[in-house]
Amino acid sequence: MQDQITPGNLLRTMRANPPLVQCITNFVAMNIAANVMLAAGASPAMVHAEEEAGEFAAISGALTINIGTLSAGWLRGMLKAAQSANNAGKPWVLDPVAHYATAFRRDAITRLLELKPTIIRGNASEIIALAGGTSRGQGVDSRDAVEQAEDSALQLAEKHSCVVAVTGVTDFVTDGQKAKRIAGGSPLMPQVTALGCSLTCLVGAFAAVAPDDPFHATITALTVFAVAGQQAGAAAEGPGSFSWRFLDALAALTPETLDRDARISAA
Amino acid sequence: MQDQITPGNLLRTMRANPPLVQCITNFVAMNIAANVMLAAGASPAMVHAEEEAGEFAAISGALTINIGTLSAGWLRGMLKAAQSANNAGKPWVLDPVAHYATAFRRDAITRLLELKPTIIRGNASEIIALAGGTSRGQGVDSRDAVEQAEDSALQLAEKHSCVVAVTGVTDFVTDGQKAKRIAGGSPLMPQVTALGCSLTCLVGAFAAVAPDDPFHATITALTVFAVAGQQAGAAAEGPGSFSWRFLDALAALTPETLDRDARISAA
Amino acid sequence: MQDQITPGNLLRTMRANPPLVQCITNFVAMNIAANVMLAAGASPAMVHAEEEAGEFAAISGALTINIGTLSAGWLRGMLKAAQSANNAGKPWVLDPVAHYATAFRRDAITRLLELKPTIIRGNASEIIALAGGTSRGQGVDSRDAVEQAEDSALQLAEKHSCVVAVTGVTDFVTDGQKAKRIAGGSPLMPQVTALGCSLTCLVGAFAAVAPDDPFHATITALTVFAVAGQQAGAAAEGPGSFSWRFLDALAALTPETLDRDARISAA
């Protein structure tokens, strides 16, 4: 039974040997993402400079790239890191924050996609736009529902041979063939900044734990957020108290509770 | 009654249609500022790079610029964004953090002022120095009282045809003609870093909601902070518990409570 | 009695006249480090750009440099700031985050060490590697115990004529001659990101208060963390609730409690 691929088993494996994950993320997310990783049981390293991002990706278990507060210098570091992850056979996760908003972002995301991310995680507006559809997105917050992005996710996954996760009220994950939905979380989560960015980092952590199975790695990370988010939401009085309760819930989450409370369904 | 310009009515309008606000702020403030914006009901986007800051300002409802952790590259992005906001007729807010501290900052603030901010928000030391007076400021914390900065605020507002807000124990807001004082908040607020920077972002949010009335937009943002700050302060045991209680209070704040507890007086 | 050098007396002196401390730290640590400084009673200023870092160091009481999210531009600012601190006779503190991880970091730390830090604070893996030993470090988290780094700390302190602090379960501080151990804190502390980086800033604050006695300044900062950390840990339910309770504990800490609960022993 222990060998079955369940979220609980992957969490157990991660905690037994915390993976080193290189997280190139935005300035808003840096602190909460690192805290999420530590609480869940991973070892994050925020290393972005072009002088070292590639070298570091080769020694990391996985790489995550988020273009939230993009600049030219950071993009150079991202490209080097993704190239290096590819060369070293390490999985890498792309978070295309508001990639549709400006010409600079549209160009950046095109170049990053060429480096074949293992997994893409975004909100519905981002995934729709990434697949070439017309999203209602404008800034960084999604203005579309996950359901509206499912076809886009399938197309993206097939086109780029990667796993695609659309997160929102109920998450959707696909590798272009099979697909799952993950329910849970809390309505307070969109009121806390950078939780989606933090989730991208955690997807990277599980990808490091199960590099040959990015589909289940992604499902596991989303399930961890769904279960801990639901626990934190039940006790929180607002977005402020949600944040710290969420970190407490992540740290206290056991593999058994995770598997018991997981709400994963076929899509 | 609904049409009267009260803080409550502006808050109601904002929540009904969350404004997209481009916040170019410092690394310390990024996370708490975004959380303050989301809790209050706005949609923040931290976009700073010179490659896109101007393009993004044109699609935002308002722009805020804070020079806290300034560098040459960021200054270029700020200048492009402010220029673009002007061209697009969008309001923009300047937060002149420690502008007196170094030659680099003094030069930067001169160039930013030439781009005619709609609103300037600072602490007493910053406003006194910006008007050419002798402040006791040294680092980023104010060493002067708001009362001592009122004349400077009036001069600045008249000279630059903008609204000036001096925040502290009791805030002072003027457009060079009329002036108001806003009381409330908590003595714990200066013990929490970057709340002033976050307030600057919220001033931008209300400026996006009421672009033709930056005076009342500013008063509203300050009143939101004063009322939510007072609520959080009543329950907090220190600066750590204040932070999350403040976010909870912002999210729970209703237009009715805001107008009821507002302590705005003629100056 | 008041004149005796105890942690409580140094804390009292700091609160009576909050020192301005220039903190060049990483993006993950920025916010929590500033909050730690304010809660403890110091006045932090995050100023890093090469255009002003040197000028600002001359007016600060102390400087702290942390290479966590290093880049070429930031390194230039660090070098200018450290040089300026030396010229002005101001103490400066070096935090060599993961300095062994890449060639870029190894080169950076060599250049920073040449500028003679007054104090070095790191985890066991960092201190072992800095003394030329073989650490088990890989990312930013320590994989070695403090005890294993004590000889390295002594060597480093002697070689560079500085104070060296190794922090972990029980901290070790030496100036190459004498040495102390500081016990306390909480097992939750390594689960909260950037507390070590924040401690480096606080070491800088006490170095500004006692520039002629970096040994006791360092012991004091570590003791403040140990006592407040123990208090917060006793009430916390996880890393999320630890964070804000720690800030509350720092702000509420009195000199009397600090001296009463300090667990400093000869090494």
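For the reader, a short list of remarks on this structure follows.
- Of the set (1) over 24 Å from A:Phe206 (Cβ atoms); (2) modelled with pLDDT of 95 or more, all apply to A:Ala42 but (1).
- A single member of B:Asp175, B:Asp248 is under 22 Å from C:Leu247 (Cβ atoms) and charged (D, E, K, R), and it is B:Asp248.
- Listing of helices (runs of 4 or more DSSP H) fully contained in the stretch B:1-101 that carry 3 or more residues being of a type outside the set (Phe, Trp, Tyr) and more than 22 Å from B:His216 (Cβ to Cβ): B:30-40, B:53-59, B:72-88
- Looking at C:Asp151, C:Asp107, C:Asp141, just one residue is in contact (Cβ under 8 Å) with a residue 40 or more places away in the chain and not polar (S, T, N, Q), and that residue is C:Asp141.
- For C:Phe225, the stated conditions do not hold, so it cannot be described as more than 19 Å from C:Ala252 (Cα to Cα) and either modelled with pLDDT under 95 or not aliphatic (A, V, I, L, M) (or both).
- In a residue-by-residue description of the stretch B:148-162, the property of being within 14 Å of another protein chain (Cβ to nearest Cβ) and in a helix (DSSP H, G or I) applies to no position.
- Scan of the stretch A:106-136 for residues that are assigned to a loop (DSSP other than H, G, I, E, B) and more than 26 Å from A:Arg76 (Cα to Cα), ordered by number: A:Gly133, A:Thr134, A:Ser135, A:Arg136
- Criterion violated by A:Ser241 - all others in (1) within 14 Å of chain B (Cβ to nearest Cβ); (2) small (Gly, Ala, Ser); (3) over 30 Å from B:Ala236 (Cβ atoms) satisfied: (3)
- Residue within the stretch A:13-27 that is open to solvent by less than 10 Å² (accessible area, probe 1.4 Å), touching a helix residue (DSSP H, G or I) at 6+ places or on another chain (Cβ under 7 Å) and more than 12 Å from chain C (Cβ to nearest Cβ) present: yes
- Boolean, C:Ile67 is more than 10 Å from every other protein chain (Cβ to nearest Cβ) and either farther than 22 Å from C:His99 by Cβ or under 15 Å from the mean Cα position of the chain (by Cα) (or both): yes
- When A:Glu55, A:Glu51 are screened for being touching a helix residue (DSSP H, G or I) at 6+ places or on another chain (Cβ under 6 Å), open to solvent by 20 Å² or more (accessible area, probe 1.4 Å) and within 12 Å of chain C (Cβ to nearest Cβ), only A:Glu51 passes.
- Filtered by the rule that a residue be within 14 Å of chain B (Cβ to nearest Cβ), among the aliphatic types (A, V, I, L, M) and either touching a strand residue (DSSP E or B) at 6+ places or on another chain (Cβ under 7 Å) or buried (at least 20 other Cβ atoms within 10 Å of the Cβ) (or both), the stretch A:90-140 gives A:Val97, A:Ala98, A:Ala101, A:Ala108, A:Ile109, A:Val140.
- Among residues that are buried (at least 24 other Cβ atoms within 10 Å of the Cβ), at the interface with chain B (Cβ under 10 Å from one of its Cβ atoms), closer than 24 Å to C:Leu130 by Cα and among the aliphatic types (A, V, I, L, M), C:Ala39 is not included.
The values are calculated or read from the model by the stated rules, or taken from the named source; none is laboratory data. It should be emphasised that the depicted structure is a prediction, and the values quoted were computed from it without experimental measurement. No Cβ is skipped: glycine too gets one built from the backbone with ideal geometry, and neighbour counts run over all protein chains shown. Please note that ligands, DNA and RNA were not included when accessible areas were found on the heavy atoms of the full protein model with its side chains. Shrake-Rupley method; radii C 1.70, N 1.55, O 1.52, S 1.80 Å.
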